[in-house]
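Enquirer: Dumping the structure here so I can ask a few things about it.
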Amino acid sequence: MAGFLDNFRWPECECIDWSERRNAVASVVAGILFFTGWWIMIDAAVVYPKPEQLNHAFHTCGVFSTLAFFMINAVSNAQVRGDSYESGCLGRTGARVWLFIGFMLMFGSLIASMWILFGAYVTQNIDVYPGLAVFFQNALIFFSTLIYKFGRTEELWT
Amino acid sequence: MQYVFLYGAVDKRVQGTPLPLCLQRDEEGKRLLEALVALSFSGAIGLTFLMLGCALEDYGVYWPLFVLIFHAVSPIPHFIAKRVTYDSDAASSACRELAYFFTTGIVVSAFGFPVILARVAVIKWGACGLVLAGNAVIFLTIQGFFLVFGREDDFGWDRW
């Protein structure tokens with residue numbers, strides 16, 4: 001009984017070379033997640049226009065998430081390792097500090113969105129959809145960042 | 001291989017010799033022409049769906065036409081990336097992947113915009129459905145253009 005799936009293989013599809021297309025697929029998936037997050041927030045802002053329903057300050061989480069996305073993806077993994085020929089304007093340590101700040105902003109926005117969902121919506125007796133929208137916007141941007149950063153391989157760039 | 005075949009009072013010494021390469025593209029030209037006609041047809045169908053979503057008596061609201069901006073802007077990141085990485089032989093580059101990212105974003109936005117309009121009852125859900133169908137057809141047409149006409153081996157900028 002143990003290991004009965006050991007010899008199972010997915011059906012082979014030889015028509016497309018997935019290794020060459022990995023970066024393109026990762027970019028497209030990241031794009032879908034990122035922009036879906038933003039459109040969920042736009043939808044909430046349009047359907048709930050009053051500040052009592054969706055405080056306009058809650059948009060800051062999404063803005064900082066987006067800023068963090070571009071900060072994290074501005075440095076390549078090669079620059080962080082110190083491998084690339086041109087050291088950029090910050091060098092290796094600067095690239096690491098930049099990446100660190102980027103990840104801090106990203107995690108901070110994610111945690112803030114959870115706080116907003118629970119503190120400002122779930123515990124008060126109001127319509128919870130805007131809080132969910134803030135949370136999903138930041139969660140989707142977070143996953144989009146991870147996929148864009150770690151789903152692509154830099155070997156295809158050489 | 002195509003050969004010279006002449007009638008009448010012309011120089012018969014070239015009769016039966018192979019056609020020069022620049023005149024041998026008959027088959028490929030026909031294929032490209034057929035593809036162009038098919039793509040134009042599907043583009044017209046897509047635009048028809050979009051216009052139906054706006055102009056039918058039941059609907060009569062023309063806000064969905066703004067998705068045409070998304071359609072027009074969608075190929076731009078691809079061309080910018082192609083221009084920037086023209087000299088490189090690499091399979092991919094950071095610029096090209098960023099272009100894919102933004103193109104995907106523009107496509108998602110073109111689908112999200114009519115949904116938002118329907119959510120606040122600016123347009124009816126039926127109109128939204130027609131606009132989404134038109135979007136899908138038009139984006140498939142644009143992708144078809146890239147597949148068919150992007151196959152040139154050496155992409156020369158003199159054609160711009």
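Enquirer: Counting partner chain Cβ atoms within 10 Å of every residue's Cβ in A:64-73, what's the average?
Expert: Values: counts 0, 0, 0, 0, 0, 1, 1, 0, 0, 4.
For peptide A:64-73, the averaged partner shielding equals 1.
Enquirer: Also, I was wondering about something else. Using only Cα atoms and rounding to the nearest 10 degrees, what angle (0 to 90) does helix B:26-55 make with the longest principal axis of chain B?
Expert: It is inclined by approximately 10 degrees.
Enquirer: Based on other C-beta atoms within 10 Å, arrange B:R119, B:R31 from fewest to most. If you can, show how the numbers build up before the last one.
Expert: Working: B:R119 15, B:R31 12.
Ordered by Cβ neighbours within 10 Å, fewest first: B:R31, B:R119.
Enquirer: Could you give me the ³J(HN,Hα) list for segment A:68-84, computed from phi with Karplus coefficients 6.51, -1.76, 1.60 and θ = phi - 60°, whole Hz, x at Gly and Pro?
Expert: 5, 4, 6, 5, 5, 8, 6, 9, 7, 4, 5, 5, 5, 6, x, 7, 7
Enquirer: Separate question: What ranking of B:H71, A:H56 emerges when the number of other C-beta atoms within 10 Å of each C-beta is taken as an exposure proxy, fewest first?
Expert: A:H56, B:H71
Enquirer: Now for a separate question. Give me B:E27, A:E155, B:E57 sorted ascending by neighbouring Cβ count inside 10 Å, so fewest comes first. Spell out each step's value before the answer.
Expert: Values: B:E27 9, A:E155 12, B:E57 5.
Exposure proxy ranking, most exposed first: B:E57, B:E27, A:E155.
Enquirer: What dipole magnitude, in Debye to the nearest 20, does chain B give about its Cα centre under +1 on Lys/Arg Cβ and -1 on Asp/Glu Cβ?
Expert: With Lys and Arg at +1 and Asp and Glu at -1, about 160 debye.
Enquirer: Looking only at other chains, what is the average number of their beta-carbon atoms within 10 angstrom of each beta-carbon in B:87-99?
Expert: 5
Enquirer: For segment A:1-54 and segment B:46-118, compute the distance between their C-alpha centroids and round to whole Å.
Expert: Distance between centres, Cα-based: 19 Å.
Enquirer: Follow-up. Can you order the peptides A:32-38, B:124-130 by their average number of other Cβ atoms within 10 Å per residue, highest first? Kindly include the intermediate steps, with their values, before the conclusion.
Expert: On the way: A:32-38: 21.7, B:124-130: 18.1.
Peptide ranking by packing, descending: A:32-38, B:124-130.
Enquirer: Name the residue farthest towards the positive end of the dipole of chain B from the options B:S42, B:L98, B:W125, assuming +1 on Cβ of Lys and Arg, -1 on Cβ of Asp and Glu, about the Cα centre.
Expert: With unit charges placed on the Cβ atoms, the residue in question is B:W125.
Enquirer: Hey, what number do you get for chain A at 222 nm if only DSSP H runs of n ≥ 4 count, each worth -39500 (n - 2.57), divided across all residues, to the nearest 500?
Expert: Using -39500 (n - 2.57) per qualifying helix, the result is -21500 deg cm²/dmol.
Enquirer: What's the magnitude of the charge dipole for segment A:23-150 around its Cα centre, counting Lys and Arg as +1 and Asp and Glu as -1 at the beta-carbon? Answer in Debye, nearest 20.
Expert: 320 debye
Enquirer: Let me ask something additional. When Cβ neighbours within 10 Å are restricted to other protein chains, what is their mean count per residue of peptide A:33-39?
Expert: Working: counts 2, 5, 10, 5, 1, 4, 8.
Per residue, the average neighbour count from other chains is 5.
Enquirer: Please list, by residue number, everything in segment A:92-125 whose backbone N is under 14 Å from a paramagnetic label point 7 Å out along Cα→Cβ of A:N55.
Expert: Residues passing the 14 Å test: A:112-125.
FYI, it's all coordinate maths here, none of it is from the lab. These numbers were taken from a predicted model, which means no experiment stands behind them. Cβ atoms come from the backbone with ideal geometry, glycine included; neighbour counts cover every protein chain shown.
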